[in-house]
Amino acid sequence: MKAFIPVFPVKGMLMGWLWCALICGSFTTQVYAQETPADSLKLIQLNEVVVISAGRQLDHQKQRKPLSTLDEFLESSRSIKMVKRGAYAWEPTMNDMASERLAITIDGMQIFGACTDKMDPITSYVDVSNLSEAEIGSGQQGAMFGNTIGGGINLKLDKSNFRPTGWNGSLESAYETNNQMRVFGGELNYSNAKFYLNTDAIYRKADNFYAGGDEEVLFSQFEKYNFSLNSGYKLAEDKSISATLIYDEANDVGYPALTMDVSLARAVIGSVSFNQDTVLGSLTNWESKLYYNTIKHTMDDTKRPNVPIHMDMPGWSKTAGFYTQASLNNEKNHFFFKLDGFYNKSYAEMTMYPVNSDEPLMFMLTWPDVRTKDVGFYAEGHIPFEKASLKLSTRLAYHSNTVADDFGLNSLKIFYPEMDRTNTRFLKSFSAQYHKMLNDFHFNGGLSYGERAPSVSEGYGFYLFNSFDNHDYIGDPELKTESSAEANLSVTYKKPTFEIKAAANYFHVFNYIIGAVDPSLSTMTIGADGVKIYTNLDYAQLFNASLAGKYAISNAFKLSGSVSYHRGIDDDGENLPLISPLSYGSALDFYKNQYSASLSVHGAGEQTNYNPAYGETKTAAYATLSASFGKRFFIKENDLFVKAGIENMLDAYYSSYTDWNNLPRMGRNFYLTISYSIN
């Protein structure tokens with residue numbers, strides 16, 4: 001086995017950083033979470049916070065593209081990359097790990113997609129109109145949101161929270177030239193010291209987009225509706241109840257990188273909460289929530305030409321859950337406790353219709369009605385020292401999967417005759433993070449260990465076709481629990497007008513789950529190259545390093561930039577799939593007298609560490625240039641904000657390592673957003 005030595009391309013990284021700083025790149029709407037000082041009551045030491053809206057009114061002036069999709073907001077983060085299978089519903093990755101290794105929640109609620117092809121990540125069932133920010137925790141810093149290896153993302157819903165604002169609302173619209181996307185939205189809110197009600201709706205419709213050079217990308221259209229309702233009522237000065245309802249529906253969604261499209265993706269998400277500011281003595285901020293969500297997802301190939309055999313592939317996911325959490329604070333130490341649990345039902349089927357109608361239909365369960373129960377306990381404590389602090393955290397969870405459908409169970413027993421109907425695991429995570437202040441320097445370092453159970457597809461998937469490597473996949477219910485040992489380190493130099501941060505992390509993942517070819521099995525999908533079984537490698541190793549900085553040139557001009565390096569190999573020293581090449585971005589932003597503007601660049605080097613065994617091909621280096629300009633107008637007591645911009649200004653034709661089957665990115669695109677807020 002080959003040793004893993006993370007060789008950092010110092011010369012290339014330095015040149016990339018200097019180039020970024022000189023050219024100036026895209027302003028990202030991210031706010032880096034401050035490191036937790038010794039006397040702080042802030043309990044979550046997040047790596048990053050992506051601000052999406054502020055106080056129920058989108059903060060247009062500081063956002064390059066105010067009504068962009070949530071996918072684009074998340075991609076502005078330093079920590080998150082998005083896997084693209086089309087123009088809609090991109091899949092978040094963090095630390096070069098995909099969604100099965102992440103804990104992704106909406107306002108603390110566990111939600112699971114209903115698509116076996118990962119065409120409906122959790123982030124696709126909300127919109128920017130629902131959200132205030134995205135909390136991002138790398139590695140076990142995200143364990144508060146659930147069992148994880150790579151990290152956690154919590155999408156916080158935007159709520160008035162009893163602010164005495166009275167009635168207010170807004171109307172918003174946007175248009176993009178490349179794919180003729182039309183966006184219409186609005187909200188109406190009321191809030192006082194005893195009661196609040198927030199309502200909003202947004203509609204998006206887009207045609208096919210065009211890659212650089214005016215090349216149309218067929219089957220890239222989509223249509224989406226989203227409605228949400230938030231309400232709260234104060235029972236007493238320190239007690240309140242609240243409720244949330246979200247309805248999200250997407251229709252006629254094209255996935256040009258896949259063999260099928262989606263005719264329907266629908267989610268209904270609801271919750272009720274109880275909050276109490278003070279419980280007993282030092283026990284404060286008690287919150288308890290009950291929630292339920294249901295998702296239906298239907299894959300469709302009826303609009304594709306030359307389909308060898310028509311298929312219907314619907315899927316369903318239903319989740320009920322709860323959490324209760326509170327803080328315990330004394331003069332020196334601060335603690336946080338959370339008990340949570342959920343019950344999920346995942347069911348998906350496939351019906352194949354032969355060209356000859358006299359032949360019988362073919363049917364199979366691709367997810368055999370898997371019932372998942374999970375109950376976990378999370379705790380963290382902050383111990384202060386002189387100009388330093390230590391954060392200790394742990395998560396312990398009981399996790400079980402049960403195959404409820406007899407037909408599905410018997411199908412899997414073809415490959416695993418001795419398999420049990422129920423599989424139970426106990427999952428553990430531990431983390432220690434140390435922060436030290438030394439004059440203008442902040443030093444952060446940590447060690448952690450975490451575990452996660454296989455996903456439904458990895459454990460129980462039945463002939464799931466992966467178009468990336470052109471193989472059918474079969475799950476293994478007897479997979480070992482995947483675990484990870486992580487080390488992280490960062491150094492930040494911070495002055496009032498200047499900040500630079502160097503950071504790195506290393507993951508040694510034991511029992512790494514990935515597909516391996518089984519030549520003894522026959523394919524189910526016409527044209528597939530073979531069948532892969534999900535299996536455990538002895539281990540895999542991932543290394544990430546980044547350098548980021550920002551500089552206030554004046555009160556009006558801000559310069560920011562970042563560059564990152566990534567590496568991932570398996571236990572034989574072979575490259576892991578979907579590992580980022582050297583990437584960079586920078587921005588010059590201007591804000592003064594209600595005017596805003598930005599000039600930006602984003603790019604990546606050539607992808608040299610790829611693996612054809614997983615369907616990867618080399619992606620070329622690229623760089624894109626973008627710009628925007630905005631103006632805020634005051635009309636009596638109301639606001640009118642207009643912002644226009646251009647993306648991919650030079651109309652570059654390119655794709656990145658996360659673009660499924662080298663799907664090209666959008667070419668030159670002009671956009672205009674208008675927002676009118678009534679105060």
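We did not get these values from a lab; they are worked out from the coordinates using the rules stated. Since the structure is predicted, the reported quantities are computational estimates derived from the model, not experimental observations. FYI the Cβ positions are ideal-geometry reconstructions off the backbone, even for glycines, and counts take in every protein chain you see.
Using the Kirkwood formula on the Cα atoms of region 210-305, what hydrodynamic radius do you get, in angstrom to one decimal?
16.9 Å
If R₀ is 41 angstrom, what is the calculated FRET efficiency for the pair Leu521 and Glu386, using the beta carbon separation as r and rounding to 0.05?
0.10
Toward the positive end of the charge dipole of region 423-527, about the Cα centre and with charges on Cβ (Lys, Arg +1; Asp, Glu -1), which of Ser484, Ser448, Thr525 goes farthest?
Selected residue: Ser448.
Using the Cα centre of the chain as origin and beta-carbon charges of +1 (Lys, Arg) and -1 (Asp, Glu), tell me which of Gly568, His471, Phe377 is placed farthest towards the positive end of the dipole.
Phe377
Per-residue HN-Hα couplings for region 143-157, Karplus 6.51 cos²θ - 1.76 cosθ + 1.60 at θ = phi - 60°, whole Hz, x for Gly and Pro?
5, 4, 8, x, 5, 8, 10, x, x, x, 10, 10, 8, 7, 6
State the answer as a single residue: which of Ile635, Gly615, Ala597 lies farthest towards the positive end of the charge dipole of region 558-654, with beta carbon charges of +1 for Lys and Arg and -1 for Asp and Glu, about the Cα centre.
Checked the options; the winner is Ile635.
Taking 27 Å as the cut-off for C-alpha to C-alpha distance, list the pairs among Lys205/Lys636; Lys81/Lys387; Lys239/Lys428; Lys118/Lys373; Lys84/Lys303; Lys84/Lys495 that go past it.
Pairs exceeding the cut-off: Lys205/Lys636; Lys81/Lys387; Lys239/Lys428; Lys84/Lys495.
What are the ³J(HN,Hα) values, in whole Hz, obtained from phi via the Karplus relation 6.51 cos²θ - 1.76 cosθ + 1.60 with θ = phi - 60°, for each residue of region 438-450 in sequence order, with x given for Gly and Pro?
So the J values, rounded to whole Hz, are 9, 6, 8, 9, 10, 10, 10, x, x, 10, 8, 9, x.
Obtain the radius of gyration and the Kirkwood radius of region 566-679 from its C-alpha atoms and give Rg over Rh.
Using only Cα positions, Rg/Rh for region 566-679 is 1.17.
Compute log10 of I(q)/I(0) for region 501-646 with the Debye formula, placing one identical point scatterer on every Cα and leaving out solvent, at q = 0.11 Å⁻¹, to two decimals.
Results for region 501-646 at q = 0.11 Å⁻¹ read -0.67.
Take the alpha-carbon centre of region 62-98, take the same for region 179-221, and report the distance between them in whole Å.
Centre-to-centre (Cα) distance: 15 Å.
Can you list the residues, at least 5 places off or on another chain, whose amide H is less than 5 Å from the amide H of Ile52, using H built in the peptide plane?
Amide H neighbours of Ile52, under 5 Å, 5+ apart: Glu133, Ala134.
Would you list Leu218, Leu396 from fewest to most Cβ contacts within 10 Å?
Leu218, Leu396
Treating only the Cβ of Lys, Arg, Asp and Glu as charged (+1, +1, -1, -1), what charge dipole size does region 81-232 show about its Cα centre? Round to the nearest 20 debye. Write down the numbers at each step before the final one.
Details: 13 positive and 19 negative charges, 102 e Å.
The calculated dipole for region 81-232 is roughly 500 debye.
Charges at C-beta only: +1 for Lys and Arg, -1 for Asp and Glu. How large is the resulting dipole of the chain about its Cα centre, in Debye rounded to 20?
Numbers: 59 positive and 75 negative charges, 506 e Å.
My answer is approximately 2420 debye.
Calculated from DSSP H runs of 4 or more alone, at -39500 (n - 2.57) each and per residue, what is the 222 nm mean residue ellipticity of the chain, nearest 500?
Details: 4 runs with 32 residues, N = 679.
Using -39500 (n - 2.57) per qualifying helix, the result is -1500 deg cm²/dmol.
Please list, in order along region 218-233, the HN-Hα scalar couplings obtained from phi with the Karplus expression 6.51 cos²θ - 1.76 cosθ + 1.60 (θ = phi - 60°), rounded to whole Hz, x for Gly and Pro.
For region 218-233, the Karplus curve yields 5, 6, 10, 7, 6, 9, 9, 10, 8, 10, 9, 9, 10, 8, x, 9 Hz.
Taking a point 7 angstrom from the Cα of Lys631 along the C-beta vector, which residues in region 572-590 have backbone N less than 19 Å away?
Answer for region 572-590: 590.
What does the C-alpha gyration tensor say about the overall shape of region 122-226? Classify as rounded when a/c is under 1.5, otherwise prolate if a/b is larger than b/c, or oblate.
Oblate, since a/c reaches 1.5 and b/c is not below a/b.
Go through Lys159/Lys643; Lys159/Lys194; Lys65/Lys643; Lys296/Lys413; Lys159/Lys296 and tell me which ones have a Cα-Cα distance over 19 Å in this structure.
Correct reply: Lys159/Lys643; Lys296/Lys413; Lys159/Lys296.
Take the chain, mark every one of the GluC sites (Glu not before Pro) that falls in a DSSP loop and has at most 16 other Cβ within 10 Å, then report the longest stretch left between them, sites excluded.
No qualifying site falls inside 1-236, the longest such stretch.
Give the separation of the Cα centroids, region 252-306 to region 330-396, in Å.
First find each Cα centre; the distance between them is then 13 Å.
Filter the chymotrypsin sites (Phe, Trp or Tyr not before Pro) in region 601-679 down to the DSSP loop ones having no more than 10 other Cβ atoms within 10 Å, then list what survives.
Within region 601-679, no chymotrypsin sites (Phe, Trp or Tyr not before Pro) qualify (loop, at most 10 other Cβ atoms within 10 Å).
Using the beta-carbon distance between Leu339 and Leu447 and R0 = 25 Å, what value does 1/(1 + (r/R0)^6) give for FRET efficiency, to the nearest 0.05?
0.50
If you find the alpha carbon centre of region 466-487 and of region 558-634, how far apart are they in angstrom?
27 Å
Taking the Cα centre as origin and putting +1 on Lys and Arg beta-carbons and -1 on Asp and Glu beta-carbons, what dipole magnitude results for region 245-384, to the nearest 20 debye?
400 debye
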